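One structure is given here, and the rest of the page talks about it.
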Amino acid sequence: PAASIISQILGLLVWTLIAGTEYFRVPAFGWVMFVAVFYWVLTVFFLIVYITMTYTRIPQVPWTTVGLCFNGSAFILYLSAAIVDASSVAPERDSHNFNSWAASSFFAFLVTICYAGNTYFSFIAWRSRTVQ
């Protein structure tokens with residue numbers, strides 16, 4: 001849960017830094033915005049499920065598998081979005097756009113690292129659950 005909260009904060013920074021600029025002039029930022037907002041919303045959802053312990057009331061759902069798939073897909077798509085974000089940052093006349101895009105790229109890589117860690121721990125939990 002701590003990594004989810006960190007992912008939430010950093011993911012929020014990624015998409016707000018981009019949304020506060022004229023990102024529509026660079027089509028690649030559409031992909032970054034989609035990934036950042038999509039996984040931010042899903043992470044909020046899963047965090048609420050965890051905090052409210054809803055997962056205990058729905059035992060039919062294989063939560064360890066769901067967590068592994070979610071974190072694995074978030075890692076892969078966030079990695080691609082971070083690479084696209086970093087490669088789309090170019091100096092321009094408006095330094096606000098450049099600074100915001102550069103910062104969003106930095107935070108996108110931090111979110112990628114968080115999701116990679118979450119994927120690793122989800123895999124460990126999934127493997128121990130399936131061995132039993």
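The values are calculated or read from the model by the stated rules, or taken from the named source; none is laboratory data. As the structure is a computational prediction, the values presented were derived from the model and not from experiment. Cβ sites come from the backbone with ideal geometry, for glycine too, and all protein chains shown count toward neighbours. We work out accessible area using only protein heavy atoms, side chains counted, and drop any ligands, DNA or RNA first. Shrake-Rupley method; radii C 1.70, N 1.55, O 1.52, S 1.80 Å.
Miscellaneous remarks
- In order along region 38-45, the phi-based Karplus estimate (6.51 cos²θ - 1.76 cosθ + 1.60, θ = phi - 60°) of 3J(HN,Hα) comes to 4, 6, 5, 5, 5, 5, 4, 4 Hz; Gly and Pro are listed as x.
- For region 15-23, putting each phi into the Karplus relation 6.51 cos²θ - 1.76 cosθ + 1.60 with θ = phi - 60° gives couplings of 7, 6, 5, 6, 5, x, 10, 8, 5 Hz, in residue order, rounded to whole numbers and with x for Gly and Pro.
- Along each principal axis, Cα extent of the chain, largest first, Å: 59, 25, 22
- In Å², nearest 10: area of residue 68 left accessible to a 1.4 Å probe: 40 Å²
- Each listed q (0.22 Å⁻¹) maps to a log10 I(q)/I(0) for region 58-132 from the Debye sum over equal C-alpha point scatterers, namely -0.89.
- When a 1.4 Å probe is rolled over the protein heavy atoms, the share of accessible surface on region 27-130 that falls to carbon and sulfur comes to 76 percent.
- Extension reserve of the residue 76-residue 125 stretch, reckoned as 0.36 nm per residue once the Cα distance is removed: 15.7 nm
- GNM remark for the chain: springs join alpha carbons under 10 Å apart, and the peak mean-square fluctuation among 23, 78, 55 falls on 55.
- The residues of region 1-110 expose, per residue, 55 Å² of accessible area to a 1.4 Å probe.
- Net charge of Cβ neighbours under 12 Å - reference residue 101; Lys, Arg +1; Asp, Glu -1: -3
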